[in-house]
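The structure appears below as structure tokens.
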Amino acid sequence: MENIRVRFAPSPTGLLHVGNARTALFNWLFARQQNGTFILRVEDTDIKRSALEYEEKLKKDLLWLGLDWDEGPDVGGAFGPYRQSLRLNTYKDYTQRLLDMGKAYHCFCSQEDLEAERKKALAKNGVAIYSGKCANISAAEALQRIKDGEKASVRLRTPDRGELTFRDLVRDELKFDLGLIGDPIIVRSTGHPAYNFAVVVDDSLMKITHVIRGEDHISNTPRQVLVYQALSCVPPQFVHLSMVMGRDKTRLSKRHGATAVDQFQKDGVLSSALFNYLALLGWAPQEDKEVLSREELIRLFDLKKVSRSAAIFDYDKLYWINRQHAKTLSVRQMAEMAYPHMKMAELLPEEMTDAHWDWLETAVKIFIERVDRFADFPSQVAMLFQYSPLEMDEETKKEMEGDCASKVISLFGQKIADVKQFDFERFVTITQEIKQDTGCKGKDLYHPLRIALTTRGSGLDLDKFIPLVEKGARLNLPRSLKNCSQRISEMLGYLKQHGSIRNEEAES
Ligand code: GLU
């Protein structure tokens, strides 16, 4: 069997976004499934835009997603170095070979010459193709001019008519008119190799069998195939993945929401969930199953079944998948995911005791159903910290005006005052007693109590709410949390002031 070798070849000019991460992931899945080799190659020949910080961050993001490489920077390999800026001598060597064979030539046209020529050609034919002006300068003359200090780029000599075809695994045969390509620059006048040249030298020396990348590179591929031909190398199998779009079918950008892998990580999306979701961008397993582990995806992935149509990035679906993955975590793992967000929102302290973790675990069990991402966690938990009867909405205030409401809450206030450790069992006993004493029952009994404890007419069930606030109130927290007894007495104070309870009733 063929020894599958694939590569992810990012340019370190920015953060890893989900489009590129999906490319990396498809390469990785294919390599892992085929027992092949996944290579990371850093394409940093654009010195102005490349930065080492981006490379470091890129590697971190890939590893966070679970995409480890078998050959590449840091880990090395038999075909290194794996950073293009360290391979300049190799490109020089291959350029010289092409020049020696007459398959490439020096071009002395300046930027201005080319621009003027481009404009003229555009006006005349509607297409701008290099005229081949320098193609006939003899090698000896070219050398002399370079010796004399003239700057030159290097161009590949290509046929000016005919058709070039290559096969793409997803798109079948693709045809290009050579008359529309012109002689591409392979080395810039600065001495730096052009992408279309460096990529071919590297892919062939690194024995890449499949080039899996974004469809924005389709138009580069004929130029690359011409370089393969000039070097007498067999091109790899090409696979061009469709673009990742927003729902409005425009290229996914910040306008649509988070696009950087780093941002999803910061928002508390699980790496297994983002991995799962990215795998479904332009591919779907045969069986109707969407929540899949890395192992299942390796098993099921089928490069031949990758779709050619645009992949729409659906945030809601990603968050749904995230919730499904979150459910498979242990409570402790969920608490650990939630903690940094709780700390940032100043709801939990820097120093966590066992009691703090215990409380967070209780909270996580209750709220996990309600959050898309762990970053949403504090806004859910924050409701426990907000208690202000004055801020109740009008409808809720009205509900506290009934006869039963005042009786029930007053009595509850008296009974809870005698309890040392209040909990849900106590709540049940006390409400039973109040039922007997007042004759208020059902909604008349429970609804005012729910409002008195939470200031809201709906929300968490009290068997969940009561232990959370009682345990939380005993902790040392950056913002204090009121216990049930404090809540009831504040509510009584409010009701007295606003006339729902006569003073004697409250005091009796
Ligand atoms: N450095 C190129 C990019 O980031 C690589 C393209 C390729 O995979 O050939 O787009």
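Quick note: the coordinates plus some simple rules give every number you see, no bench work behind them. Predicted, not measured: the structure shown is a model, and the values here were computed from it. Because the Cβ atoms are built from the backbone with ideal geometry, glycine has one as well, and the counts that use them run over all protein chains shown.
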For 38-44, 492-498, ranked highest to lowest by mean beta-carbon neighbours within 10 Å, the order is 38-44, 492-498
What cysteines in the chain have no other cysteine with a beta carbon less than 4.7 Å from their beta carbon?
CYS109, CYS233, CYS484
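For the chain, what does the alpha-carbon gyration tensor say about shape, rounded, prolate or oblate, given a ≥ b ≥ c as the root eigenvalues, a/c under 1.5 as rounded, and a/b over b/c as prolate? Provide the component values of the computation, followed by the final result.
On the way: a/c = 3.42, a/b = 3.15, b/c = 1.09.
Verdict is prolate for the chain.
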Mind listing the phi-derived Karplus ³J(HN,Hα) values for the stretch 452-463, rounded to whole Hz, using 6.51, -1.76 and 1.60 with θ = phi - 60°, and x for any glycine or proline?
4, 7, 10, 6, 10, x, 8, x, 4, 5, 5, 5
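In the structure displayed, which of LYS48/LYS207; LYS407/LYS496; LYS398/LYS443; LYS266/LYS327 lie more than 21 Å apart, Cα to Cα? Intermediate results must be reported in sequence, preceding the final value.
Working: LYS48/LYS207 29 Å; LYS407/LYS496 12 Å; LYS398/LYS443 15 Å; LYS266/LYS327 19 Å.
Violating the 21 Å limit, Cα to Cα: LYS48/LYS207.
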Residues ASP372, ASP418 arranged by fewest to most Cβ contacts within 10 Å:
ASP418, ASP372
For LEU241, what residues show an amide H to amide H distance below 5 Å, using hydrogens built from the backbone and excluding near sequence neighbours?
ARG213, GLY214, GLU215
What ranking of MET491, MET101, MET383 emerges when the number of other C-beta atoms within 10 Å of each C-beta is taken as an exposure proxy, fewest first?
MET101, MET383, MET491
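Output the peptides 142-150, 126-134 sorted from most to least packed, where packing is the average of other Cβ atoms within 10 Å over each peptide's residues. All intermediate terms of the calculation are to be shown ahead of the outcome.
Values: 142-150: 11.7, 126-134: 15.1.
Packing order, densest peptide first, comes out as 126-134, 142-150.
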R0 = 60 Å: FRET efficiency of ASP46 with GLU425, Cβ-based, nearest 0.05?
0.35
For the chain, with +1 on Lys and Arg beta carbons and -1 on Asp and Glu, the positive-most of ALA152, PRO73, TYR315 along the dipole
ALA152
Cβ-placed point charges (K, R +1; D, E -1), dipole of the stretch 1-131 about Cα centre in debye, nearest 20
340 debye
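Express in nm, to one decimal, how much length is gained between ASP148 and THR90 on full extension, taking 0.36 nm for each residue of separation and deducting their alpha carbon distance. Don't skip to the answer; put the middle values down first.
Details: separation 58, 0.36 × 58 = 20.88 nm, distance 2.54 nm.
Taking 0.36 nm per residue and subtracting the Cα distance, the gain is 18.3 nm.
Write down the Kirkwood hydrodynamic radius of the stretch 415-508, to one decimal in angstroms, obtained as one divided by the mean of 1/r over all alpha carbon pairs.
Working: mean 1/r = 0.0703 Å⁻¹.
Every distinct Cα pair counted, the radius reaches 14.2 Å.
Could you order peptides 192-200, 406-414, 287-295 by the average number of other Cβ atoms within 10 Å of their residues, highest first?
Details: 192-200: 23.1, 406-414: 21.0, 287-295: 13.3.
The peptides rank, most packed first, as 192-200, 406-414, 287-295.
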Excluding LEU318 itself, what net charge comes from residues whose Cβ is under 13 Å from its Cβ, given Lys and Arg +1 and Asp and Glu -1?
0
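Taking the DSSP beta bridges in the chain as the whole, what percent of them are antiparallel, to the nearest 5?
Details: 16 of 31 bridges.
If we restrict to bridges inside the chain, about 50 percent are antiparallel.
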Per-residue ³J(HN,Hα) for the stretch 74-84, Karplus 6.51 cos²θ - 1.76 cosθ + 1.60, θ = phi - 60°, Hz, x for Gly and Pro:
6, 9, x, x, 6, 10, x, x, 9, 10, 4
